[in-house]
Amino acid sequence: MDARLTVVADGIRRGIVMNRVRRIDEAGPVTPLPFTEAPVEGVATVDGRPVLQLNLAQALGQSARPGGKVVVVAVTGVPVALRVDAVHAEEPGEGADAAALDLEQLVAKALPGAQIERRALTAGGGEEAAPGAARRHIALLMVSVGDEVLAFPAERVERVGRVESLRSLPGRDDGHHALASVEGELLPARRLVAAGSTDGADTWAVIVA
């Protein structure tokens, strides 16, 4: 039996085969990922690379807690970060009370419609793709919004255009909903920056499906 890493999320214990684990670190800030819902928390930076981060407690139907650890695991050859409350390394034969975590199923539920490639572990500890399986890579469009950066799933982005004018919607005084003229086309818009904060600077719109 292979050594496993036991992770704890809101009191629930799950086991991950150790050779699927790529890194364990303290939980840190993430870049928000619009148009996604829990358990997706955003995009973390691991060794200078963007990595999708999921909250394991929320994925298991529980409540999220602040802080904790981030466990980066290999899913279809692509790293995915899982935020958990605590981790425990188990020797072979230990941690039998922690059910095995199905990583491919976890990611598939977090990203509805995604085709996740299921891989088998080889004797050497590597991963082997199941015959005929499709791979899923997440392409991101990184957008600067004031002092923050947002990551948009590229598959939702139709185009990016220059905003010619922007007007608040009548009866909506929240400062976010507006009508934007983008390259001659009038579109409903949602402000991601405060009104007036981009005076004198070019403003761009990300048109999403």
Worksheet entry | Long-range HN-HN contacts of VAL75 with modeled amide H, under 5 Å | VAL80
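Could you work out how much longer the chain between ILE12 and ASP25 gets when fully extended? Use 0.36 nm per residue separation minus the Cα distance between them, nm to one decimal.
Details: separation 13, 0.36 × 13 = 4.68 nm, distance 1.97 nm.
Using 0.36 nm per residue and subtracting the Cα-Cα distance, I get 2.7 nm.
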Discussion item. Could you check the spin-label model distance between THR203 and ARG167? Points 7 Å from the Cα along Cα→Cβ, value in nm.
Written reply: 1.3
Worksheet, complete the sentence: Karplus ³J(HN,Hα) for region 3-9 (6.51 cos²θ - 1.76 cosθ + 1.60, θ = phi - 60°; Hz, whole; x = Gly/Pro) runs 5, 10, 9, 8, 10, 10, 9
Worksheet item: Tell me, what HN-Hα J-couplings in whole Hz come from the Karplus equation 6.51 cos²θ - 1.76 cosθ + 1.60 at θ = phi - 60° for each residue of region 69-79, using x for Gly and Pro?
Response: 10, 10, 10, 8, 10, 8, 10, 6, x, 10, x
Item to complete: Search the structure for amide H atoms under 5 Å from the amide H of GLY42, placed 1.01 Å from N in the peptide plane, and list their residues when 5 or more places away or on another chain.
Response: GLN53
Response to the item:
Note, region 100-108: 3J(HN,Hα) by Karplus (6.51, -1.76, 1.60, θ = phi - 60°), whole Hz, Gly/Pro = x, goes 5, 8, 7, 5, 5, 5, 4, 5, 4
Worksheet item: Under a plain spin-label model, where a point goes 7 Å from the Cα along Cα-to-Cβ, how far apart in nm are VAL145 and ALA89?
Response: 4.0
Discussion item. Of PRO29, GLN58, VAL17, which is farthest towards the positive pole of region 1-79's charge dipole, taken about the Cα centre with +1 and -1 on the beta-carbons of Lys, Arg and Asp, Glu respectively?
Written reply: VAL17
Practice prompt. Collect residues whose amide H, placed 1.01 Å from N in the peptide plane, falls under 5 Å from the amide H of VAL208; neighbours closer than 5 in sequence don't count.
Written response: GLU158
Practice prompt. Can you pull the one-decimal nm distance between simple spin-label points at GLN62 and LEU179, each 7 Å off the Cα toward Cβ?
Written response: 5.0
Item to complete: Mind putting together the pair-distance distribution for region 1-105? All Cα pairs, 5 Å bins, whole percent per bin, short to long.
Response: 3, 13, 25, 26, 21, 9, 3, 1, 0
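Just so you know, all these numbers are worked out from the coordinates, no wet-lab data involved. Predicted, not measured: the structure shown is a model, and the values here were computed from it. Methodologically, a virtual Cβ is constructed for each residue, glycine included, from the backbone with ideal geometry; neighbour enumeration extends over all protein chains shown.
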